[in-house]
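See structure below.
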Amino acid sequence: MQYDFSDPKGLTLKGLTDEKLIRLVQNRDEAAFAELMSRYSPRVWRVVVANSRQRRDAEEILMDIWMAVWENINGLRKVDSFSGWLRRIAYNACNRYYAANHQAQRETAESDSALVAHIDQNAASRFREAQLNADVVEAVQHLPQRVRRVAILYYLESWRMKEIAKELDLPIGTVKTKLRETRELLRQAFGVEPEGGGIMSSGTADLHNTSGMSDMSYVPATGQEESEPEAALWRLPKGARARFGRGIINTMVLSPSGEHLAVGTHIGLWWYEGSTLSPIALWGIDCERISAIAFSASGEWVATGHEDGRVKVWDVARGNCLTQVERQGQVQFMKTINQLAFSPDGQYLAASGHHDYVVDIWNPETGVHLARLGDIELTFRGCSVAAPIAFSQDSRLLACASPPDDAERLTDGYWTIAPERDVIAVWDVSRGERVAPLTDYTKYLYALSFSPCGNFLVASSDGEESSILTVWDTENWQVEKEEQTYGGNQLTPAYSTAGTMQVAAVSDTDVTLWDATCHEKLNTYHTPDGDETRRWSFSGTQFALATAHELSVWTVGNQHPRTVAYNSHPDYLRSLAFSADGKTLVAEYPFPEGTFRCWDVVSHSQTPRVFKLPGEKHCLYASGSGQLHTTSVEGDAIKVREFGNDTPIAECGIKERPRYLAVAFSDAAQRLAYGDSQKNLYVWDIVREEIIHTFTVPETNVAFITFSPNGKYLASSQEIGCYRLWDLGRGEEIEAFHSHRIEHVAFAPCGNVIAGEAEKEFILWDIESSKTLLTIPKPAELAYWWQSGIVFSPCGGYLATGLERVAGMASAPIKLWNTATGENVATFEGHLTHILSLAFSPDGTLLASGGYDGIILLWDTKSVISSHSNQPPAVSS
């Protein structure tokens with residue numbers, strides 16, 4: 001029986017209060033649960049991001065949280081305490097995830113303290129130094145495989161010989177021998193003698209010695225730079241001046257001819273030229289994020305699958321959408337398309353989802369739905385890896401993941417426990433019959449592929465340490481062979497047109513291409529950043545890989561890939577700040593931890609300078625003077641730096657480091673504040689080097705804190721809750737402010753006015769008089785929806801707010817309000833996900849917005865401000 005998950009109540013649910021909605025969910029109302037998820041997921045996401053290490057981890061944790069909510073919400077007696085209850089579930093989910101999955105990442109970085117020079121545009125001498133740095137790094141990464149790993153650890157990551165020996169399980173003598181060989185190879189390449197424990201120096205540039213590597217490290221490009229500033233202007237929304245970044249990469253596929261690489265992102269479909277890896281087009285910017293791509297065998301069509309369950313078929317030559325279809329019947333978050341496949345004859349297009357075992361099949365030309373195969377009772381598939389699908393060469397058979405016979409089915413609308421493995425189902429497509437259940441599989445499937453002759457089906461698992469490759473004979477469906485000798489925790493098999501099977505074995509640090517027919521290793525590519533957000537595509541003749549800093553394409557048999565150092569598809573950011581001259585925009589990214597990218601506002605270059613800070617819990621601040629500062633938690637101390645300077649200017653020790661820690665810095669008052677999970681909020685005087693205030697808050701933890709520009713006041717909040725305001729001169733709370741129940745705050749440039757957001761309105765509040773200066777009602781469609789960004793213009797005359805995108809919205813709106821009249825003077829729309837950060841340029845003529853889509857948009861506010869310049873600001877700067 002097919003369970004109907006559609007929501008017949010539609011807009012009725014959207015008008016319900018949280019309390020009524022939660023009561024419906026406790027009565028096992030699926031549609032109400034979907035609406036509750038839509039309302040609270042953005043808030044929960046912020047908790048998860050703050051306490052996870054990788055975006056992929058965060059997505060898995062979010063799913064665990066909502067599963068726990070569904071299973072335990074009947075035990076919630078006080079409905080009005082749902083927010084706190086949900087927050088505790090979120091924190092516990094983060095803890096459980098990392099208790100069971102210890103993950104670590106290292107970032108290859110090279111020291112450089114040239115950021116100040118870069119921001120001041122006086123970096124000519126530094127450019128030559130950075131270029132030589134990049135040459136050295138590239139030389140090390142192209143050393144022979146037998147010495148490369150040791151060389152990278154010693155010269156680029158500054159490991160000691162004993163640490164290398166332990167990590168690689170080598171005798172110390174072997175490590176020394178490999179380093180001697182490395183020195184000789186590098187001497188031949190550069191004509192210089194490398195120094196022990198550090199990158200060599202030459203007569204033309206004094207490269208940094210990694211044995212004394214500075215804390216703040218510049219991450220050099222390892223391949224050809226790809227700036228393409230004109231791409232920053234393609235398909236811009238109305239009112240935008242430029243785009244930085246091209247969106248988070250979700251998937252990518254090489255065209256059958258190898259001439260193009262199609263990259264699916266949060267903002268659309270990017271096309272890259274295969275020979276140069278230069279961007280050539282951007283399609284589909286008005287769609288939900290792209291989660292799957294597939295080419296037809298002829299290359300005539302390309303299909304894109306989207307997060308909202310839609311599938312689009314595009315004419316590659318003309319660039320127009322031929323058909324659009326949609327998966328039906330699933331809960332909203334289960335509708336995401338994660339795998340697409342055309343049949344070789346072009347008659348069928350198949351799609352599978354993220355967390356079920358259902359495959360839908362359409363006619364790609366007409367959009368007619370032909371079949372729904374698989375477990376239509378919606379057994380929940382708990383694996384984070386997409387359920388693979390594959391057609392046989394004659395287009396008759398389709399192989400896909402299926403639940404084992406003992407898997408729990410969905411009953412009366414209740415969720416089930418996900419099975420711990422997949423089996424393989426082989427279907428006769430034309431008859432809609434299952435012809436072969438391959439039930440002896442013991443893990444989750446990662447990839448499936450039929451041989452060109454049709455005699456074999458190969459499958460790979462998603463293994464924690466080493467994956468398994470299994471080949472079946474399609475005549476009798478018996479296992480032909482099973483291998484676990486390729487290494488890598490993810491294997492992607494693919495057949496060439498000649499019938500030779502190639503395998504790409506991907507691990508955290510390497511990609512190895514194998515000829516599986518003779519079990520011969522073709523070549524290995526080392527990916528030193530170990531980035532968990534990597535995406536790849538393997539056609540059997542070419543392999544494409546996107547890491548944190550570069551895009552590479554190999555042709556099988558060629559040892560050297562085509563590589564472009566792009567940094568154009570970074571993950572989402574956490575905060576934004578302009579340099580004092582307004583020419584550079586600095587963005588702080590949580591993945592990888594401590595990454596800062598500096599975007600050129602003048603040239604719109606798509607190749608930012610990338611810097612790395614040690615520690616965790618990083619924050620970026622812009623003072624009234626324009627100086628940028630950062631804070632980071634390093635061991636048992638919080639350190640403050642002028643951004644671009646390796647040496648900390650202040651350090652605050654933490655006696656007992658709490659599990660959760662919020663930090664804020666005030667340059668004007670020379671104070672540092674931090675809050676912990678024990679209801680404590682501390683204010684540290686940097687000059688006197690002592691704690692001058694200790695406040696106790698009723699909430700379970702302090703998650704957000706911020707100083708006023710003049711350093712007189714401090715605002716604090718729990719993860720999901722209302723802000724409190726503290727008078728640091730008197731050392732006490734300003735209780736009148738908390739009564740307004742404000743979420744999200746911003747101080748005016750003068751420091752004596754604070755803007756906050758309540759459920760139905762924005763409030764401008766005078767701190768000294770404890771009076772409301774202005775109330776701005778939210779538009780009806782935005783009432784009860786919280787903003788995710790709020791900032792004053794430098795003159796104080798305008799307030800910008802960014803909304804968390806909700807169902808039914810084409811994009812997340814950014815609204816600009818006049819603080820004298822409360823008038824909405826401009827609305828900017830361009831982010832397909834909710835807004836994470838907003839920042840004005842020093843002169844107020846540009847507004848930068850960063851979203852979860854991984855892009856930054858620069859909005860032109862000059863014309864708006866000039867047209868309202870005759871009105872005096874309500875808030876003085």
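Things worth noting here:
- Note on segment 587-623: among residues that are of a type in the set (Gly, Ala, Ser) and more than 22 Å from Ala703 (Cβ to Cβ), the one that is farthest from the chain's Cα centre (by Cα) is Ser623.
- Being at pLDDT below 75 and either of a type in the set (Phe, Trp, Tyr) or crowded, with 18+ Cβ neighbours inside 10 Å (or both) holds for only one residue in Ala100, Ala117, Ala109, Ala124, and it is Ala109.
- Residue in segment 379-391 that is of a type outside the set (Asp, Glu), in a loop (DSSP other than H, G, I, E, B), within 23 Å of Leu469 (Cα to Cα) and at pLDDT 95 or above present: no
- Inspection of segment 556-575 finds no residue satisfying the criterion of being under 20 Å from Pro842 (Cα atoms), modelled with pLDDT of 90 or more and over 24 Å from the mean Cα position of the chain (by Cα).
- Residue check for Val683: touching a Leu at 6+ places or on another chain (Cβ under 8 Å), crowded, with 20+ Cβ neighbours inside 10 Å and at pLDDT 95 or above: yes
- Elements of type strands (runs of 3 or more DSSP E) in segment 593-644, at least 3 residues being more than 18 Å from Ser841 (Cα to Cα): 609-612, 616-622, 628-634, 637-642
- Restricting segment 536-592 to residues that are part of a strand (DSSP E or B) and of a type in the set (S, T, N, Q) leaves a set whose member that is surrounded by the fewest Cβ atoms within 10 Å (Cβ to Cβ) is Thr555.
- Number of the condition not met by Asp766 [criteria: (1) at pLDDT 95 or above; (2) in contact with a Leu (Cβ under 8 Å, 6 or more places away or on another chain); (3) buried (at least 17 other Cβ atoms within 10 Å of the Cβ)]: (3)
- Residue check, Ala587 closer than 20 Å to Leu836 by Cα, among the small types (Gly, Ala, Ser) and at pLDDT 90 or above: yes
- The single condition among (1) surrounded by fewer than 14 Cβ atoms within 10 Å (Cβ to Cβ); (2) over 21 Å from Leu373 (Cα atoms) that Ser460 does not meet is (1).
- Within segment 510-523, the set of residues being buried (at least 16 other Cβ atoms within 10 Å of the Cβ) and among the hydroxyl-bearing types (Ser, Thr, Tyr) comprises just one member, Thr512.
- Count of residues meeting criterion [among the β-branched types (Val, Ile, Thr), buried (at least 20 other Cβ atoms within 10 Å of the Cβ) and assigned to a strand (DSSP E or B)] in segment 806-856: 3
- So Thr775, is it polar (S, T, N, Q), free of Cβ contacts under 8 Å to residues at least 40 places away in the same chain, closer than 30 Å to Asp18 by Cβ and surrounded by fewer than 19 Cβ atoms within 10 Å (Cβ to Cβ): no
- All strands (runs of 3 or more DSSP E) inside segment 206-293 with 1 or more residues being hydroxyl-bearing (Ser, Thr, Tyr), modelled with pLDDT of 85 or more and within 19 Å of the chain's Cα centre (by Cα): 249-254, 260-265
The values are calculated or read from the model by the stated rules, or taken from the named source; none is laboratory data. The shown structure was predicted, so the numbers you read here are calculated from the model rather than taken from an experiment. We place every Cβ from the backbone using ideal geometry, glycine too, and count neighbours over all the protein chains shown.
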